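What follows is a single structure, written as structure tokens, with notes after it.
Readers should treat all values here as calculations from the given coordinates under stated rules, not as data from a laboratory. The model shown is predicted, which means the values in this text are computed figures rather than measured ones. As a convention, Cβ positions derive from the backbone with ideal geometry for all residues, glycine included, and neighbour counts pool all protein chains shown.
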């Protein structure tokens, strides 16, 4: 079995030398076997290990299981972090099932722990039989190719964290045999044997044994091969759709996804649905279904300029002009209201809401014009009156847009640029004295443009607030 695991790791370059790998260990047979196998091969792979155990606080045995994992780590000299999560509280608050709430809580603390210990990879003990069970479950639910492909060998998470599955080709029988040979005594989760309670248990304890009895012991191997082929097809389609996605969709500094409706509707129905699901994933929807994609397609075909729908995860989709916009921000309340803020130059200025402006002074020779990204701006540093300030637009605001040859109302500029009405009050204005130097994410002012005579350039970049930016506290 160890050779099979090494081959999987080598094939997918799963753990590059020098990496710290976080091992998710519950104490059951699969994860305990993972801990021992990975400890055995860590030196050969030139990696270090750190165990994370998550106490879901769902069963009376949870505390003793956490202690068991700590002792196992101590025996092997592997550091262990135990995290306790309130699954029931999350279930009630978010309206999730117990399994979904546990999964969300589990991956949240994995991300936090990985950042704390400096790990970029987390290894889980999902194995071949888990993949087979998932394939059958998805078939019973009527899934398409993406769902049937099931558990991938690797999966990218947020914050550059990758979930890897070194037991991808290992069967449950092999794991149990390894535990017997090496005299490992894992803890047993009684819920795994509750036949009537979970559908996966019914597949594991009844459907798969029935298929093996009726059609032969090769059933699991055959189903795993099918899943492997589906994974390859899924990856091929994903790359194809991703290339089209960049032509049809884009995102702005608020983390919104914007789709060109006319380009979308010219695609074939299958491509439309796949592209819309990719858009939902990009907007933060974890489980984007075909049903939601069809709702979005109906919205794209809706001629109403103010049509909208609500999607999972607090995402709202709105049809605006020739654009379909997905955003976590409620559009009706998407406005800023704050006193003028001094712009930190150089530095990062965190605004109320979700926007951040980064500023730096650079040399004219480092500037390449024209700049196509409207979330960035180059301004002549010598022509600006300091300190620069940032504020929302006010009634009567005017500016001289680049190449315009005269001043115009900011309101009219936003209309011409097709900035949706509900978004216009969210546009930050960078002021040089009483003059608008940059309409953030929209247009720069002509008097402050970079010319051949410019020596120093103020480079501004507008983007969505991230966790490291913290909260607005001025």
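If you compute Cα extents along the principal axes in Å for the structure shown, which of (1) 82, 50, 41; (2) 79, 55, 47; (3) 96, 62, 42 do you land on? Among (1) 82, 50, 41; (2) 79, 55, 47; (3) 96, 62, 42, the one derived from this structure is (1). Using a Förster distance of 56 Å, how high is the FRET efficiency between residue 3 and residue 421, based on the Cβ-Cβ distance and rounded to 0.05? Working from the Cβ atoms, E equals 0.30. Annotation: extensible slack from residue 291 through residue 212 equals 25.0 nm (criterion: 0.36 nm per residue apart, minus Cα-Cα distance). Fully extending the segment from residue 198 to residue 412 would add 71.2 nm, taking 0.36 nm per residue of separation and subtracting the current Cα-Cα distance. Each residue, residue 461 and residue 385, gets one label point 7 Å from its Cα in the Cβ direction; the gap between the two is 3.0 nm.
Give the order of 438, 281 when sorted by the count of other beta carbons within 10 angstrom, beginning with the fewest.
Numbers: 438 29, 281 13.
Taking fewest neighbouring Cβ atoms as first place, the list is 281, 438.
Using the beta-carbon distance between residue 282 and residue 115 and R0 = 25 Å, what value does 1/(1 + (r/R0)^6) give for FRET efficiency, to the nearest 0.05?
Details: r = 22 Å, r/R0 = 0.90.
Plugging the Cβ-Cβ distance into 1/(1 + (r/R0)^6) gives 0.65.
Label positions at residue 48 and residue 75, each projected 7 Å from the Cα along the C-beta direction, are separated by 2.4 nm. Averaging the Cα positions of each part gives two centres, and for the range 225-266 and the range 116-130 these lie 26 Å apart.
Put a dot 7 Å past the Cα of residue 185, heading toward its Cβ, do the same for residue 452, and the two dots end up 8.6 nm apart. Counting neighbouring beta carbons within 10 Å and listing from fewest to most, the residues 271, 264 come out as 271, 264. Report the FRET efficiency, 1/(1 + (r/R0)^6), for residue 243 and residue 309, where r is their Cβ-Cβ distance and R0 is 22 Å, rounded to 0.05. That pair, residue 243 with residue 309, gives E of 0.20.
Compute the Cα gyration tensor for the range 341-469, then decide on rounded, prolate or oblate, letting a ≥ b ≥ c be the square roots of its eigenvalues: rounded whenever a/c is under 1.5, prolate when a/b is larger than b/c in the other cases, and oblate in all that remain. Kindly include the intermediate steps, with their values, before the conclusion.
Values: a/c = 1.55, a/b = 1.10, b/c = 1.41.
Because a/c hits 1.5 or more and a/b fails to exceed b/c, the range 341-469 counts as oblate.
Would you kindly state how much longer the chain becomes between residue 58 and residue 323 on full extension, computed as 0.36 nm times their sequence separation minus their alpha carbon distance, in nm to one decimal?
Working: separation 265, 0.36 × 265 = 95.40 nm, distance 4.55 nm.
Value of the extension gain: 90.9 nm.
Among 15, 167, 68, a tally of other beta-carbon atoms within 10 Å of each Cβ gives an order, fewest to most, of 68, 15, 167.
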